[in-house]
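Shown next, in C-alpha coordinates, is the structure this report addresses.
The values are calculated or read from the model by the stated rules, or taken from the named source; none is laboratory data. In this text the structure is predicted, and so the values were computed from the model without any measurement. As a convention, Cβ positions derive from the backbone with ideal geometry for all residues, glycine included, and neighbour counts pool all protein chains shown.
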Amino acid sequence: MMPEESGSMTNEFERLAEGQWDVLVVGGGIVGSGVARDAAMRGLRVALVDRHDFAFGTSSRSSRLLHGGLRYLAQGRIGLVHEASVEKLTLHRIAPHLAWPLPFLFPTFRGTPWVRWQLSIGVKIYDLLCGRRNLGPSSTLSASQMAEKLPNINRQGLTGGVRYFDGLTSDSRLAIDTLRSAVGHGALVRNYTSFAGAERTASGWTCRVRDERGNREVEVAARCVVNATGCWADRLPHSRVRLRLTKGIHLVVDQERFPAGEAVVMAEGKRILFVIPWGQRVILGTTDTDYDGPLEDVPTAEEDVSYVLGITNQTFPPARLEANDVMSHWAGVRPLIASGLEKKGSPSNTSRQHQIRMPEPGWIDVAGGKLTTYRLMAEQTVDLAGRHLGAKLPPCRTGKEPLLEPAAAAFSGVQPPPVTREAVEHYCRREWAVHLDDVMLRRTEWHYYERDNCLVADQAAAWMQETLGWNDAERQEELRRLREATR
(Lines give C-alpha, C1' and ligand atoms only; values in the text may rest on other atoms or scores of the structure.)
Protein backbone atom coordinates (compact mmCIF):
# COMPACT_ATOMS: atom_id res chain seq x y z
CA MET A 1 0.00 0.00 0.00
CA MET A 2 1.03 3.58 -0.54
CA PRO A 3 1.92 5.34 2.76
CA GLU A 4 -1.15 7.59 2.87
CA GLU A 5 -3.45 4.62 2.26
CA SER A 6 -1.92 2.28 4.81
CA GLY A 7 -3.24 3.83 8.01
CA SER A 8 0.19 4.08 9.66
CA MET A 9 3.78 2.97 9.18
CA THR A 10 3.35 0.88 12.35
CA ASN A 11 0.53 -1.09 10.76
CA GLU A 12 2.69 -1.62 7.67
CA PHE A 13 5.47 -3.09 9.80
CA GLU A 14 3.06 -5.37 11.62
CA ARG A 15 1.57 -6.55 8.33
CA LEU A 16 4.92 -8.14 7.50
CA ALA A 17 4.21 -10.77 10.17
CA GLU A 18 0.75 -11.61 8.84
CA GLY A 19 0.47 -14.97 7.08
CA GLN A 20 3.11 -16.38 4.76
CA TRP A 21 4.56 -14.46 1.84
CA ASP A 22 5.34 -16.24 -1.40
CA VAL A 23 8.41 -14.05 -1.85
CA LEU A 24 10.31 -11.84 0.58
CA VAL A 25 12.68 -9.52 -1.31
CA VAL A 26 15.61 -8.16 0.67
CA GLY A 27 16.92 -4.99 -0.93
CA GLY A 28 15.02 -2.04 -2.39
CA GLY A 29 17.45 -0.98 -5.08
CA ILE A 30 16.65 -1.26 -8.77
CA VAL A 31 16.92 -5.07 -8.93
CA GLY A 32 14.87 -5.75 -5.81
CA SER A 33 12.27 -3.26 -6.98
CA GLY A 34 12.06 -5.05 -10.31
CA VAL A 35 11.66 -8.44 -8.61
CA ALA A 36 8.85 -7.10 -6.40
CA ARG A 37 7.02 -5.63 -9.39
CA ASP A 38 7.33 -8.76 -11.52
CA ALA A 39 6.33 -11.12 -8.70
CA ALA A 40 3.30 -9.00 -7.78
CA MET A 41 2.18 -8.72 -11.41
CA ARG A 42 2.28 -12.53 -11.68
CA GLY A 43 -0.02 -12.93 -8.69
CA LEU A 44 2.49 -13.81 -5.97
CA ARG A 45 2.15 -12.44 -2.45
CA VAL A 46 5.33 -10.38 -2.15
CA ALA A 47 6.94 -8.14 0.47
CA LEU A 48 10.13 -6.10 0.19
CA VAL A 49 12.33 -4.60 2.91
CA ASP A 50 15.43 -2.42 2.83
CA ARG A 51 17.71 -1.50 5.71
CA HIS A 52 18.19 2.01 4.34
CA ASP A 53 16.03 4.09 2.06
CA PHE A 54 15.01 2.67 -1.29
CA ALA A 55 17.77 3.13 -3.91
CA PHE A 56 20.19 4.16 -1.14
CA GLY A 57 23.20 2.36 -2.61
CA THR A 58 24.36 1.89 -6.18
CA SER A 59 20.88 2.57 -7.56
CA SER A 60 21.18 6.30 -6.83
CA ARG A 61 24.89 6.69 -7.60
CA SER A 62 25.28 5.58 -11.21
CA SER A 63 26.01 7.48 -14.44
CA ARG A 64 22.25 7.77 -15.13
CA LEU A 65 22.68 5.92 -18.43
CA LEU A 66 20.64 3.22 -20.13
CA HIS A 67 23.08 1.67 -22.56
CA GLY A 68 24.03 -1.47 -24.34
CA GLY A 69 27.70 -0.84 -23.62
CA LEU A 70 29.66 0.07 -26.73
CA ARG A 71 32.94 -0.75 -24.99
CA TYR A 72 31.63 -4.22 -24.13
CA LEU A 73 31.20 -4.73 -27.87
CA ALA A 74 34.89 -3.94 -28.28
CA GLN A 75 35.61 -6.59 -25.63
CA GLY A 76 33.68 -9.17 -27.67
CA ARG A 77 30.80 -9.52 -25.21
CA ILE A 78 28.15 -9.61 -27.93
CA GLY A 79 25.53 -11.39 -25.84
CA LEU A 80 25.75 -8.84 -23.03
CA VAL A 81 25.47 -5.94 -25.47
CA HIS A 82 22.46 -7.46 -27.23
CA GLU A 83 20.75 -8.18 -23.91
CA ALA A 84 21.26 -4.64 -22.63
CA SER A 85 20.39 -3.03 -25.97
CA VAL A 86 17.02 -4.78 -26.09
CA GLU A 87 16.32 -3.82 -22.47
CA LYS A 88 17.23 -0.20 -23.20
CA LEU A 89 14.48 -0.05 -25.81
CA THR A 90 12.06 -1.89 -23.55
CA LEU A 91 12.53 0.72 -20.82
CA HIS A 92 12.05 3.49 -23.37
CA ARG A 93 8.75 1.88 -24.31
CA ILE A 94 7.36 1.23 -20.80
CA ALA A 95 8.82 4.34 -19.09
CA PRO A 96 9.40 7.09 -21.67
CA HIS A 97 9.51 9.71 -18.90
CA LEU A 98 12.62 7.96 -17.55
CA ALA A 99 14.37 6.90 -20.76
CA TRP A 100 15.29 9.89 -22.92
CA PRO A 101 17.21 9.29 -26.17
CA LEU A 102 20.69 10.76 -25.81
CA PRO A 103 23.16 11.19 -28.70
CA PHE A 104 26.82 10.41 -27.97
CA LEU A 105 29.83 11.77 -29.83
CA PHE A 106 32.90 9.54 -29.74
CA PRO A 107 35.94 11.42 -31.13
CA THR A 108 38.89 9.38 -32.35
CA PHE A 109 42.60 10.27 -32.40
CA ARG A 110 45.70 8.89 -34.09
CA GLY A 111 47.75 6.45 -32.04
CA THR A 112 44.94 5.38 -29.70
CA PRO A 113 43.11 2.02 -29.35
CA TRP A 114 39.88 3.57 -30.66
CA VAL A 115 40.15 3.67 -34.46
CA ARG A 116 37.57 5.53 -36.51
CA TRP A 117 36.87 2.86 -39.12
CA GLN A 118 36.52 0.19 -36.45
CA LEU A 119 34.12 2.32 -34.45
CA SER A 120 32.15 3.04 -37.62
CA ILE A 121 31.53 -0.68 -38.03
CA GLY A 122 30.98 -1.06 -34.30
CA VAL A 123 28.15 1.47 -34.03
CA LYS A 124 26.36 -0.12 -37.00
CA ILE A 125 26.56 -3.49 -35.24
CA TYR A 126 25.40 -1.69 -32.11
CA ASP A 127 22.28 -0.53 -33.96
CA LEU A 128 21.66 -4.02 -35.30
CA LEU A 129 21.89 -5.50 -31.81
CA CYS A 130 19.04 -3.18 -30.84
CA GLY A 131 16.91 -4.88 -33.48
CA ARG A 132 17.71 -2.20 -36.09
CA ARG A 133 15.61 0.27 -34.12
CA ASN A 134 17.96 2.03 -31.75
CA LEU A 135 16.93 5.31 -30.09
CA GLY A 136 18.50 7.07 -33.07
CA PRO A 137 20.65 6.18 -36.10
CA SER A 138 24.42 6.09 -35.79
CA SER A 139 26.75 7.89 -38.19
CA THR A 140 30.43 8.40 -38.96
CA LEU A 141 31.96 11.88 -38.70
CA SER A 142 35.04 13.39 -40.30
CA ALA A 143 37.54 15.38 -38.27
CA SER A 144 36.03 18.66 -39.47
CA GLN A 145 32.50 17.50 -38.66
CA MET A 146 33.55 16.45 -35.17
CA ALA A 147 35.32 19.77 -34.62
CA GLU A 148 32.19 21.61 -35.78
CA LYS A 149 30.06 19.76 -33.22
CA LEU A 150 32.71 20.09 -30.50
CA PRO A 151 34.48 23.44 -31.01
CA ASN A 152 36.64 22.99 -27.90
CA ILE A 153 37.82 19.47 -28.76
CA ASN A 154 41.55 18.80 -28.83
CA ARG A 155 42.45 19.02 -32.53
CA GLN A 156 45.84 17.32 -32.18
CA GLY A 157 45.62 13.97 -33.95
CA LEU A 158 41.84 14.21 -34.30
CA THR A 159 40.67 11.80 -37.04
CA GLY A 160 36.90 12.21 -36.68
CA GLY A 161 34.70 9.76 -34.83
CA VAL A 162 31.17 8.44 -34.60
CA ARG A 163 27.78 9.48 -33.28
CA TYR A 164 25.43 6.93 -31.72
CA PHE A 165 22.48 6.80 -29.31
CA ASP A 166 21.86 5.51 -25.81
CA GLY A 167 19.45 6.67 -23.12
CA LEU A 168 19.49 9.04 -20.13
CA THR A 169 17.55 8.18 -16.98
CA SER A 170 17.23 9.03 -13.30
CA ASP A 171 18.38 5.85 -11.57
CA SER A 172 16.71 6.47 -8.20
CA ARG A 173 13.47 7.62 -9.82
CA LEU A 174 13.42 4.43 -11.89
CA ALA A 175 13.66 2.38 -8.69
CA ILE A 176 10.99 4.44 -6.89
CA ASP A 177 8.58 4.29 -9.83
CA THR A 178 9.14 0.53 -10.12
CA LEU A 179 8.23 0.19 -6.45
CA ARG A 180 5.13 2.30 -6.95
CA SER A 181 4.10 -0.04 -9.74
CA ALA A 182 4.80 -3.06 -7.50
CA VAL A 183 2.62 -1.64 -4.75
CA GLY A 184 -0.10 -0.90 -7.27
CA HIS A 185 -0.15 -4.63 -8.04
CA GLY A 186 -0.39 -5.63 -4.38
CA ALA A 187 3.18 -5.73 -3.04
CA LEU A 188 4.06 -4.48 0.45
CA VAL A 189 7.30 -2.49 0.58
CA ARG A 190 9.01 -0.87 3.55
CA ASN A 191 12.25 1.08 3.83
CA TYR A 192 14.37 1.46 6.98
CA THR A 193 13.55 -2.16 7.79
CA SER A 194 16.57 -4.42 8.11
CA PHE A 195 16.92 -8.13 7.51
CA ALA A 196 18.26 -9.63 10.75
CA GLY A 197 18.48 -13.33 9.87
CA ALA A 198 16.65 -16.36 8.52
CA GLU A 199 16.16 -20.04 9.27
CA ARG A 200 14.88 -22.72 6.95
CA THR A 201 11.65 -24.43 7.91
CA ALA A 202 9.57 -27.23 6.45
CA SER A 203 7.43 -24.72 4.59
CA GLY A 204 10.08 -22.19 3.62
CA TRP A 205 11.91 -19.59 5.69
CA THR A 206 11.34 -17.78 8.98
CA CYS A 207 13.04 -14.41 8.77
CA ARG A 208 13.61 -11.74 11.38
CA VAL A 209 13.26 -8.12 10.29
CA ARG A 210 13.89 -5.04 12.39
CA ASP A 211 12.21 -1.63 12.25
CA GLU A 212 15.18 0.75 12.21
CA ARG A 213 12.93 3.67 13.19
CA GLY A 214 11.09 1.97 16.04
CA ASN A 215 13.67 -0.58 17.21
CA ARG A 216 11.19 -3.46 16.98
CA GLU A 217 11.46 -6.92 15.46
CA VAL A 218 8.94 -9.29 13.92
CA GLU A 219 9.20 -12.71 12.33
CA VAL A 220 8.28 -12.95 8.67
CA ALA A 221 7.32 -16.25 7.08
CA ALA A 222 8.20 -16.62 3.41
CA ARG A 223 8.22 -19.52 1.01
CA CYS A 224 11.10 -17.92 -0.90
CA VAL A 225 13.69 -15.26 -0.03
CA VAL A 226 15.42 -13.16 -2.71
CA ASN A 227 18.75 -11.57 -1.79
CA ALA A 228 18.85 -8.46 -3.99
CA THR A 229 21.05 -6.30 -1.79
CA GLY A 230 23.59 -5.23 -4.42
CA CYS A 231 26.99 -4.45 -2.94
CA TRP A 232 25.86 -5.97 0.38
CA ALA A 233 24.84 -9.27 -1.29
CA ASP A 234 27.79 -11.29 0.01
CA ARG A 235 27.19 -10.16 3.60
CA LEU A 236 23.80 -11.78 4.17
CA PRO A 237 23.59 -15.14 5.97
CA HIS A 238 22.99 -18.02 3.53
CA SER A 239 24.36 -15.92 0.63
CA ARG A 240 26.84 -17.61 -1.70
CA VAL A 241 27.60 -14.49 -3.72
CA ARG A 242 31.21 -13.52 -4.39
CA LEU A 243 31.68 -9.92 -5.40
CA ARG A 244 34.37 -7.67 -6.77
CA LEU A 245 33.48 -4.13 -5.71
CA THR A 246 34.65 -1.19 -7.80
CA LYS A 247 34.12 2.51 -7.16
CA GLY A 248 32.91 5.13 -9.60
CA ILE A 249 32.70 8.86 -8.94
CA HIS A 250 30.79 11.56 -10.84
CA LEU A 251 31.24 15.32 -10.90
CA VAL A 252 28.62 17.95 -11.72
CA VAL A 253 29.52 21.27 -13.34
CA ASP A 254 27.39 24.07 -14.71
CA GLN A 255 26.56 24.29 -18.42
CA GLU A 256 27.67 27.94 -18.37
CA ARG A 257 31.14 26.81 -17.32
CA PHE A 258 31.35 23.75 -19.59
CA PRO A 259 28.67 23.69 -22.32
CA ALA A 260 27.60 20.28 -23.62
CA GLY A 261 24.73 19.86 -26.05
CA GLU A 262 25.35 16.15 -26.63
CA ALA A 263 27.08 13.46 -24.59
CA VAL A 264 30.75 12.87 -25.35
CA VAL A 265 32.91 9.79 -24.90
CA MET A 266 36.39 10.63 -23.58
CA ALA A 267 38.96 7.87 -23.95
CA GLU A 268 42.00 7.23 -21.79
CA GLY A 269 43.66 4.26 -23.39
CA LYS A 270 41.02 1.53 -23.50
CA ARG A 271 39.03 3.13 -20.68
CA ILE A 272 36.24 5.56 -21.47
CA LEU A 273 34.66 8.38 -19.48
CA PHE A 274 31.59 10.44 -20.30
CA VAL A 275 30.44 14.01 -20.58
CA ILE A 276 26.68 13.83 -20.01
CA PRO A 277 24.39 16.85 -20.49
CA TRP A 278 21.88 17.06 -17.63
CA GLY A 279 19.61 20.03 -18.13
CA GLN A 280 21.49 23.11 -16.94
CA ARG A 281 24.27 20.92 -15.62
CA VAL A 282 26.85 18.48 -17.00
CA ILE A 283 27.87 15.16 -15.41
CA LEU A 284 31.52 14.08 -15.77
CA GLY A 285 32.70 10.54 -15.00
CA THR A 286 33.36 7.91 -14.11
CA THR A 287 36.27 6.20 -12.41
CA ASP A 288 36.54 2.41 -12.07
CA THR A 289 38.83 1.31 -9.23
CA ASP A 290 38.75 -1.58 -6.78
CA TYR A 291 37.11 -0.68 -3.49
CA ASP A 292 37.08 -2.23 -0.02
CA GLY A 293 35.91 0.67 2.15
CA PRO A 294 32.60 1.37 3.91
CA LEU A 295 29.51 0.84 1.76
CA GLU A 296 27.27 3.37 3.50
CA ASP A 297 29.70 6.25 3.03
CA VAL A 298 31.67 5.95 -0.22
CA PRO A 299 34.16 8.84 -0.47
CA THR A 300 35.02 11.01 -3.44
CA ALA A 301 38.77 11.34 -3.03
CA GLU A 302 40.81 14.30 -4.30
CA GLU A 303 42.76 12.03 -6.64
CA ASP A 304 39.47 10.81 -8.16
CA VAL A 305 38.40 14.40 -8.85
CA SER A 306 41.81 15.26 -10.31
CA TYR A 307 41.68 12.21 -12.58
CA VAL A 308 38.27 13.04 -14.06
CA LEU A 309 39.08 16.72 -14.49
CA GLY A 310 42.44 15.84 -16.01
CA ILE A 311 40.90 13.63 -18.70
CA THR A 312 38.27 16.28 -19.40
CA ASN A 313 40.85 19.05 -19.78
CA GLN A 314 43.00 16.83 -21.97
CA THR A 315 40.04 16.18 -24.28
CA PHE A 316 38.86 19.80 -24.16
CA PRO A 317 41.97 21.98 -23.55
CA PRO A 318 40.13 25.35 -23.45
CA ALA A 319 37.95 24.12 -20.56
CA ARG A 320 40.65 24.30 -17.89
CA LEU A 321 38.28 22.95 -15.29
CA GLU A 322 39.42 23.11 -11.67
CA ALA A 323 38.14 21.58 -8.45
CA ASN A 324 36.25 24.75 -7.54
CA ASP A 325 34.19 24.39 -10.73
CA VAL A 326 32.63 21.22 -9.32
CA MET A 327 29.16 22.04 -8.00
CA SER A 328 28.49 18.61 -6.51
CA HIS A 329 29.63 15.01 -6.73
CA TRP A 330 28.65 11.48 -5.81
CA ALA A 331 30.40 8.13 -5.50
CA GLY A 332 28.99 4.65 -5.78
CA VAL A 333 30.08 1.02 -5.74
CA ARG A 334 29.52 -1.49 -8.53
CA PRO A 335 28.73 -5.02 -7.28
CA LEU A 336 30.50 -7.05 -9.97
CA ILE A 337 30.65 -10.83 -9.91
CA ALA A 338 34.10 -12.04 -8.85
CA SER A 339 35.54 -14.52 -11.33
CA GLY A 340 38.43 -15.93 -9.33
CA LEU A 341 40.02 -16.20 -5.91
CA GLU A 342 41.93 -12.97 -6.43
CA LYS A 343 41.25 -9.72 -8.26
CA LYS A 344 42.45 -10.27 -11.79
CA GLY A 345 42.70 -7.77 -14.61
CA SER A 346 41.49 -4.20 -14.56
CA PRO A 347 38.08 -3.42 -13.03
CA SER A 348 36.91 -2.05 -16.38
CA ASN A 349 37.41 -5.48 -17.97
CA THR A 350 35.41 -7.31 -15.29
CA SER A 351 32.18 -8.63 -16.77
CA ARG A 352 28.90 -6.85 -16.03
CA GLN A 353 27.05 -10.13 -16.48
CA HIS A 354 24.53 -10.93 -13.77
CA GLN A 355 24.20 -14.12 -11.76
CA ILE A 356 21.07 -15.75 -10.31
CA ARG A 357 21.49 -18.82 -8.14
CA MET A 358 19.62 -20.85 -5.52
CA PRO A 359 22.30 -22.17 -3.11
CA GLU A 360 19.63 -23.48 -0.70
CA PRO A 361 16.01 -24.40 -1.42
CA GLY A 362 14.00 -21.19 -1.49
CA TRP A 363 16.98 -18.82 -1.08
CA ILE A 364 17.82 -16.95 -4.28
CA ASP A 365 20.91 -14.77 -4.74
CA VAL A 366 20.72 -12.25 -7.58
CA ALA A 367 23.82 -10.14 -8.14
CA GLY A 368 25.92 -8.36 -10.74
CA GLY A 369 24.39 -6.96 -13.88
CA LYS A 370 23.74 -3.31 -14.57
CA LEU A 371 21.00 -0.74 -14.29
CA THR A 372 19.86 -1.23 -17.88
CA THR A 373 19.18 -4.96 -17.46
CA TYR A 374 17.35 -4.83 -14.12
CA ARG A 375 13.97 -5.77 -15.61
CA LEU A 376 15.38 -8.89 -17.29
CA MET A 377 17.21 -9.86 -14.10
CA ALA A 378 13.93 -9.58 -12.22
CA GLU A 379 12.08 -11.68 -14.80
CA GLN A 380 14.64 -14.47 -14.58
CA THR A 381 14.60 -14.32 -10.78
CA VAL A 382 10.82 -14.63 -10.59
CA ASP A 383 10.92 -17.48 -13.13
CA LEU A 384 13.29 -19.34 -10.79
CA ALA A 385 11.14 -18.55 -7.75
CA GLY A 386 8.08 -19.85 -9.57
CA ARG A 387 9.81 -23.13 -10.40
CA HIS A 388 10.82 -23.57 -6.78
CA LEU A 389 7.30 -22.80 -5.55
CA GLY A 390 5.86 -25.29 -8.00
CA ALA A 391 3.58 -22.59 -9.32
CA LYS A 392 2.58 -22.27 -12.93
CA LEU A 393 3.06 -18.54 -13.15
CA PRO A 394 1.57 -16.45 -15.93
CA PRO A 395 4.06 -15.00 -18.44
CA CYS A 396 6.04 -11.96 -17.41
CA ARG A 397 4.32 -8.69 -18.41
CA THR A 398 6.81 -6.14 -17.08
CA GLY A 399 8.24 -5.50 -20.54
CA LYS A 400 4.83 -4.75 -22.03
CA GLU A 401 2.81 -2.80 -19.46
CA PRO A 402 3.67 0.84 -18.71
CA LEU A 403 5.64 1.36 -15.55
CA LEU A 404 3.28 4.18 -14.52
CA GLU A 405 0.34 5.84 -16.17
CA PRO A 406 1.18 9.38 -17.38
CA ALA A 407 -0.80 11.07 -14.59
CA ALA A 408 1.07 9.07 -11.94
CA ALA A 409 4.44 10.17 -13.34
CA ALA A 410 3.82 13.88 -12.71
CA PHE A 411 6.63 14.15 -10.14
CA SER A 412 9.02 11.82 -11.94
CA GLY A 413 11.46 12.42 -14.76
CA VAL A 414 15.04 12.42 -15.95
CA GLN A 415 15.68 15.94 -14.62
CA PRO A 416 14.75 17.13 -11.08
CA PRO A 417 11.24 18.75 -10.97
CA PRO A 418 10.69 22.27 -9.56
CA VAL A 419 10.99 22.62 -5.80
CA THR A 420 7.40 22.92 -4.61
CA ARG A 421 5.39 22.19 -1.49
CA GLU A 422 3.14 19.91 -3.55
CA ALA A 423 6.11 17.81 -4.68
CA VAL A 424 7.51 17.44 -1.16
CA GLU A 425 4.11 16.41 0.19
CA HIS A 426 3.84 13.86 -2.61
CA TYR A 427 7.22 12.30 -1.80
CA CYS A 428 6.31 11.99 1.88
CA ARG A 429 2.76 10.74 1.42
CA ARG A 430 3.09 8.63 -1.70
CA GLU A 431 6.75 7.61 -1.95
CA TRP A 432 7.88 6.63 1.56
CA ALA A 433 10.20 9.62 2.18
CA VAL A 434 10.83 9.98 5.92
CA HIS A 435 14.16 11.84 5.99
CA LEU A 436 15.34 15.00 4.27
CA ASP A 437 18.05 13.14 2.34
CA ASP A 438 15.34 10.77 1.02
CA VAL A 439 13.87 13.80 -0.78
CA MET A 440 17.02 15.74 -1.63
CA LEU A 441 19.07 12.80 -2.96
CA ARG A 442 16.72 10.06 -4.15
CA ARG A 443 13.11 11.21 -4.72
CA THR A 444 14.77 14.12 -6.49
CA GLU A 445 18.38 15.04 -7.14
CA TRP A 446 18.02 18.61 -5.97
CA HIS A 447 21.14 18.47 -3.83
CA TYR A 448 23.29 17.63 -6.85
CA TYR A 449 21.46 19.92 -9.27
CA GLU A 450 20.64 23.16 -7.46
CA ARG A 451 23.36 25.77 -7.16
CA ASP A 452 21.99 27.03 -3.82
CA ASN A 453 21.22 23.59 -2.44
CA CYS A 454 21.42 24.75 1.19
CA LEU A 455 18.54 27.17 0.62
CA VAL A 456 16.57 24.45 -1.16
CA ALA A 457 17.26 22.03 1.67
CA ASP A 458 16.02 24.55 4.26
CA GLN A 459 12.80 25.05 2.34
CA ALA A 460 12.27 21.32 1.75
CA ALA A 461 12.90 20.65 5.45
CA ALA A 462 10.27 23.24 6.41
CA TRP A 463 7.69 21.59 4.14
CA MET A 464 8.58 18.14 5.45
CA GLN A 465 8.24 19.43 9.01
CA GLU A 466 4.68 20.52 8.23
CA THR A 467 3.85 17.27 6.43
CA LEU A 468 5.42 14.80 8.86
CA GLY A 469 5.00 16.72 12.11
CA TRP A 470 8.65 17.20 13.02
CA ASN A 471 9.53 19.53 15.86
CA ASP A 472 12.24 22.17 15.41
CA ALA A 473 14.95 19.95 16.90
CA GLU A 474 14.04 17.14 14.50
CA ARG A 475 14.18 19.53 11.58
CA GLN A 476 17.67 20.66 12.53
CA GLU A 477 18.73 17.04 12.94
CA GLU A 478 17.50 16.29 9.40
CA LEU A 479 19.58 19.17 8.03
CA ARG A 480 22.61 17.82 9.90
CA ARG A 481 21.90 14.33 8.56
CA LEU A 482 21.83 15.65 4.98
CA ARG A 483 25.14 17.48 5.45
CA GLU A 484 26.66 14.28 6.83
CA ALA A 485 25.34 12.22 3.91
CA THR A 486 26.80 14.60 1.31
CA ARG A 487 30.01 15.86 2.89
* If a residue has to be among the basic types (Lys, Arg) and not in a loop (DSSP other than H, G, I, E, B) to count, how many in the stretch 76-107 make the cut? -> 2
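Here's the yes/no breakdown for (1) modelled with pLDDT of 95 or more; (2) closer than 20 Å to LEU66 by Cα:
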site: LEU273; (1), (2): yes, yes
site: TRP278; (1), (2): yes, yes
site: VAL282; (1), (2): yes, yes
site: TYR291; (1), (2): yes, no
site: GLU303; (1), (2): yes, no
site: VAL308; (1), (2): yes, no
site: ILE311; (1), (2): yes, no
site: THR315; (1), (2): yes, no
site: LEU341; (1), (2): no, no
* Structure fact -> The condition of being surrounded by fewer than 17 Cβ atoms within 10 Å (Cβ to Cβ), at pLDDT 95 or above, small (Gly, Ala, Ser) and not in a loop (DSSP other than H, G, I, E, B) holds, among SER194, SER181, only for SER194
* To do: Please specify each residue of the stretch 258-310 satisfying the condition of being polar (S, T, N, Q) and outside any strand (DSSP E or B).
  => GLN280, THR286, THR287, THR300, SER306
* To do: Scan GLY27, GLY68 and give me the residue that is closer than 28 Å to HIS426 by Cα and touching a helix residue (DSSP H, G or I) at 6+ places or on another chain (Cβ under 8 Å).
  => GLY27
* Do the conditions hold for PRO406, that is, is it touching a Ser or Thr at 6+ places or on another chain (Cβ under 6 Å), at pLDDT below 95 and not charged (D, E, K, R)? -> no
* Within the stretch 88-112, restricting attention to residues that are of a type in the set (A, V, I, L, M, F, W, C), under 20 Å from VAL31 (Cβ atoms) and in contact with a strand residue (DSSP E or B) (Cβ under 7 Å, 6 or more places away or on another chain), which residue is surrounded by the fewest Cβ atoms within 10 Å (Cβ to Cβ)? -> LEU91
* Among the residues of the stretch 111-135 satisfying the criterion of being on the phi < 0 side of the Ramachandran plot and not in a helix (DSSP H, G or I), which is modelled with the lowest pLDDT? -> ARG133
* Structure fact -> Here the residues within the stretch 197-233 that are assigned to a strand (DSSP E or B) and among the polar types (S, T, N, Q) are THR201, THR206, ASN227
* Would it be correct to say that THR398 is under 28 Å from MET41 (Cβ atoms) and of a type in the set (Ser, Thr, Tyr)? -> yes
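If you take the residues in the stretch 409-427 that are out of contact with any strand residue (DSSP E or B) (no Cβ under 8 Å at 6 or more places or on another chain) and under 21 Å from GLY29 (Cβ atoms), which one is modelled with the highest pLDDT? Write out each step before concluding.
Here is the first cut: in the stretch 409-427, the ones out of contact with any strand residue (DSSP E or B) (no Cβ under 8 Å at 6 or more places or on another chain) are 409-413, 416-427.
Checking which are under 21 Å from GLY29 (Cβ atoms) leaves us with 409, 411-413, 416, 427.
Working: ALA409: 91, PHE411: 92, SER412: 94, GLY413: 93, PRO416: 89, TYR427: 97.
Looking at residues that are out of contact with any strand residue (DSSP E or B) (no Cβ under 8 Å at 6 or more places or on another chain) and under 21 Å from GLY29 (Cβ atoms), I get TYR427.
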* What pairs come up if the first residue lies in the stretch 264-292 and is farther than 19 Å from ASN154 by Cα, the second is basic (Lys, Arg) and assigned to a strand (DSSP E or B), and their beta carbons are under 6 Å apart, counting only those six or more places apart or on different chains? -> THR289/LYS247; TYR291/LYS247
